[in-house]
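The structure appears below as structure tokens.
None of the figures in this text is laboratory data; all of them are computed from the coordinates on show. As the structure is a computational prediction, the values presented were derived from the model and not from experiment. In this analysis, Cβ positions are derived from the backbone assuming ideal geometry, glycine residues included, and neighbour counts consider all displayed protein chains.
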Amino acid sequence: MSALRGGVIALALAAAGPAPAAHGGLYGVDGQNLHVERLGTSGPGVVFESGLGGDSHAWDKVAGPISGFARVILYDRAGLGQSLPLHAADPATAETVAKRLHALLDAVGVPPPWILVGHSLGGLYLQMFARTYPHDVAGLVLLDSTIAEQPPELDPLWEMEPGSAEFLEGEGMPESTRQVREAGPFPDVPLTVVAATDHGTDLHALEPVLLRFQSRLAEMSPQGRLVVAEGSGHMIQNDRPDLVIAAVRALVEQ
């Protein structure tokens, strides 16, 4: 890490101050116990949605700083993290995830409208959420998000344990993309799309295509903008937490 980039991150952390204490628990939603962790005491609710098979620890580098100026809501989807055991063996779809998340947020008690932050497949789930509950969304930050026109070349490339939550999310991706394509219009809300540029050797030839897809995502809203995270891998929140914190702060201030 360069001295300049390290300094930027340090300034962001210092400006946010010490992270408030976390409060968490399990909530029964749609027959599944979902684990929630809340940080921060003031400001709008900022909801984080992790990528395929990921849990709330995916946001460890950004949740604390953001909780200094907003109320952070972290949760684990069914069968992931501390939301165990998995009570259903059906493929997970965007429609189901969005419905469960909305019910969960009602139960948690942080009022809408919410700022939504999603990574990868979590970004697709939040696109469905925004289309389904447009009046409850204040803005979105999508990090290298899955798109509704996902080409076969970008299907999961790794082995997943059959029956696991990760496997069921991957199995549900074709239906999830169909649901998002056929859902209502994307709301006219602030939207920041952050695109990675280094997805590794296997996808090197597809980098220009991936960037075009992310650019198209930014066009979903009249208030959309594209931020290119130069040199970042797919896990932007780990490689460039400064960009994620800045994008959320901009929506909070807006």
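Things worth noting here:
- If you wrap the tightest convex hull around every Cα atom of the range 171-254 and split its volume per residue, you get 120 Å³.
- For q = 0.14, 0.19 Å⁻¹, Debye-computed log10 I/I(0) when each Cα of the range 197-240 counts as one equal scatterer: -0.35, -0.62
- Computed from the Cβ-Cβ distance with R0 of 22 Å, the FRET efficiency linking residue 160 to residue 30 stands at 0.45.
- Charged-residue dipole, Cβ positions (Lys, Arg, Asp, Glu), the chain about Cα centre, Debye nearest 20: 920 debye
- The residues neighbouring residue 119, those whose beta-carbon lies less than 11 Å from its own, together hold a net charge of -2 under the Lys/Arg +1, Asp/Glu -1 convention.
- Direction-averaged projected area, Cα convex hull, the range 20-73: 4.0 nm², rounded to one decimal.
- Farthest towards the positive end of the charge dipole of the chain, among the residues 160, 235, 114, is the Cα of 114, using unit charges on the Cβ of Lys, Arg, Asp and Glu.
- Three semi-axes describe the equivalent ellipsoid of the range 3-253; taken as square roots of 5 times the Cα gyration tensor eigenvalues and ordered largest first, they are 24, 23, 18 Å.
- Of 199, 35, 248, farthest towards positive along the dipole that unit charges on Lys, Arg, Asp, Glu beta carbons give the chain: 248
- Helix content alone sets the calculated 222 nm mean residue ellipticity of the chain: runs of n ≥ 4 DSSP H residues at -39500 (n - 2.57) each, divided across all residues, give -11000 deg cm²/dmol.
- Each of 96, 146, 41 was scored by other Cβ atoms within 10 Å of its Cβ. Listed from fewest to most, they are 41, 96, 146.
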